[in-house]
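Comments concern the structure below.
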Amino acid sequence: MNAAEQARQAYWACYNRNTDLGNPVSGDPLTWAFAVPPIVMDILDGKPGTPDVDWLGEVLRVAPVKRYQLSTSGGTEGFKYAINGEYINQDGIILMSNFKRYSMQANFDGQLTKRFSVKVNLNPSYTIDTGNEPGGTGYGQGIIGAACANNPYTPTYNADGTYSVNNQLAETGSYPNAVAIANEVININKRGSFRGNISTQYTILDELKFNVMLGGSFIGNKGLNFIPKAPELITNTASGRDDSGLALHWINEYILNYNKSFGDSQLEGLVGFTAEK
């Protein structure tokens, strides 16, 4: 609802509340037992300068995405390579939200000698995710929930430039200022990862080959959240968290293959060892 629609809703809510309890509803609505808020009467009376805020419009925006890619490949008869790098910068449709990712993928394939070959795959990436959770209820830190709960006749900012405080409003109770949540609550998540493997093959004999594969992944997470003490956030104390996580995975494989043909017959054999953690 816009401000006029919300004001009519608030007026009749107060009217019906009083009549349900047997309170008189004659005279000035500002003096009823359950009084109509002054801002509501100002809007209904057409007083100029009353606010009409589209709170969702205040926290939502058109969000561009920027993506840059650079690739190269080439090599010789005995060595080939392919490298691809990418950078993504994506603003969220919610104010002050953003996602960035730096990533690369590199593949190398080399026949170093007649009997020895090597393949290498590398994939590092790094992401930064900023901005607050869009969901949640108006009583929490959910930006969309707060925006839907804030009254359209409650201004985003006061005349002195400070945030408006939607605390203990007679018709709606207390909700944090949605714009203040987007601007003042800090929420940053960073993630770095590296995945890669190297595999080699050595031809001992034409029919006997030895393969080795070493691979693994490394993933690190870092999170930071801080909610300041502020009346516009309906918080009496500041709170925050700073956490991190680390995951490491590796695998090794050693395999000896034998493959020999004898006319119409064929003999195959495999022996190997794998370790993983």
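Suppose we keep only residues that are of a type outside the set (A, V, I, L, M) and touching a Lys or Arg at 6+ places or on another chain (Cβ under 8 Å) within the range 246-257. Which one would you say is most open to solvent (accessible area, probe 1.4 Å)?
250
Please identify the pairs in which a residue from the range 225-244 that is in a strand (DSSP E or B) has its Cβ atom under 7 Å from the Cβ atom of a residue that is loosely packed, with under 14 Cβ neighbours inside 10 Å and at pLDDT 90 or above, counting only partners at least 6 apart or on another chain.
225/240; 225/241; 226/240; 227/238; 227/239; 227/240; 235/229
For the range 160-188, which residues satisfy the criterion of being surrounded by fewer than 18 Cβ atoms within 10 Å (Cβ to Cβ) and at pLDDT 90 or above?
160, 161, 162, 183, 186, 188
Can you confirm whether residue 35 is of a type outside the set (D, E, K, R), touching a residue at least 12 places away in the same chain (Cβ under 8 Å), in a loop (DSSP other than H, G, I, E, B) and surrounded by 15 or more Cβ atoms within 10 Å (Cβ to Cβ)?
For residue 35, the condition - of a type outside the set (D, E, K, R), touching a residue at least 12 places away in the same chain (Cβ under 8 Å), in a loop (DSSP other than H, G, I, E, B) and surrounded by 15 or more Cβ atoms within 10 Å (Cβ to Cβ) - is met.
Are any of the residues in the range 190-211 among the β-branched types (Val, Ile, Thr), without any contact (Cβ under 8 Å) to a residue 40 or more places away in the chain, assigned to a strand (DSSP E or B) and surrounded by 14 or more Cβ atoms within 10 Å (Cβ to Cβ)?
Checking the range 190-211: not a single residue is among the β-branched types (Val, Ile, Thr), without any contact (Cβ under 8 Å) to a residue 40 or more places away in the chain, assigned to a strand (DSSP E or B) and surrounded by 14 or more Cβ atoms within 10 Å (Cβ to Cβ).
Please go through (1) more than 30 Å from residue 219 (Cα to Cα); (2) among the charged types (D, E, K, R); (3) touching a strand residue (DSSP E or B) at 6+ places or on another chain (Cβ under 9 Å) for residue 58 and return the number of the only condition it doesn't satisfy.
Failed condition: (3).
For the list (1) out of contact with any Gly (no Cβ under 7 Å at 6 or more places or on another chain); (2) modelled with pLDDT under 95; (3) buried (at least 16 other Cβ atoms within 10 Å of the Cβ), I need the number of the one condition that residue 133 fails.
Only one criterion is unmet by residue 133, namely (1).
Do you know which residues across the range 38-53 are within 37 Å of the chain's Cα centre (by Cα) and open to solvent by less than 70 Å² (accessible area, probe 1.4 Å)?
Of everything in the range 38-53, those that are within 37 Å of the chain's Cα centre (by Cα) and open to solvent by less than 70 Å² (accessible area, probe 1.4 Å) turn out to be 50, 51, 53.
Please pick out the residue among 221, 187, 259 that is within 30 Å of residue 113 (Cα to Cα) and either in a strand (DSSP E or B) or of a type in the set (Val, Ile, Thr) (or both).
Step by step, each of 221, 187, 259 is checked, and only 259 is within 30 Å of residue 113 (Cα to Cα) and either in a strand (DSSP E or B) or of a type in the set (Val, Ile, Thr) (or both).
Which residues, taken from the range 54-68, are outside any loop (DSSP other than H, G, I, E, B) and exposed (fewer than 10 other Cβ atoms within 10 Å of the Cβ)?
57, 65, 68
Quick one: is residue 106 open to solvent by less than 20 Å² (accessible area, probe 1.4 Å), at pLDDT 95 or above and at negative phi?
For residue 106, the condition - open to solvent by less than 20 Å² (accessible area, probe 1.4 Å), at pLDDT 95 or above and at negative phi - is met.
Within the range 69-81, how many residues are open to solvent by less than 40 Å² (accessible area, probe 1.4 Å) and modelled with pLDDT of 95 or more?
So the count comes out to 1.
Which pairs have Cβ atoms under 6 Å, sit 6 or more apart or on different chains, and link a residue in the range 55-79 that is among the polar types (S, T, N, Q) to one that is open to solvent by less than 60 Å² (accessible area, probe 1.4 Å) and not in a strand (DSSP E or B)?
As it stands, the answer is none, since no pair meets every condition given.
Name every residue in the range 1-26 that is without any contact (Cβ under 8 Å) to a residue 12 or more places away in the chain, part of a loop (DSSP other than H, G, I, E, B) and open to solvent by 60 Å² or more (accessible area, probe 1.4 Å), in order of residue number.
22, 24, 26
The values are calculated or read from the model by the stated rules, or taken from the named source; none is laboratory data. In this text, all values refer to a predicted model and were calculated from it rather than measured experimentally. Using ideal geometry, Cβ is built from the backbone for each residue, glycine included, and neighbour counts are taken over all protein chains shown. Just so you know, the surface numbers come from the protein's heavy atoms only, side chains and all, with ligands and any DNA or RNA stripped out. Shrake-Rupley method; radii C 1.70, N 1.55, O 1.52, S 1.80 Å.
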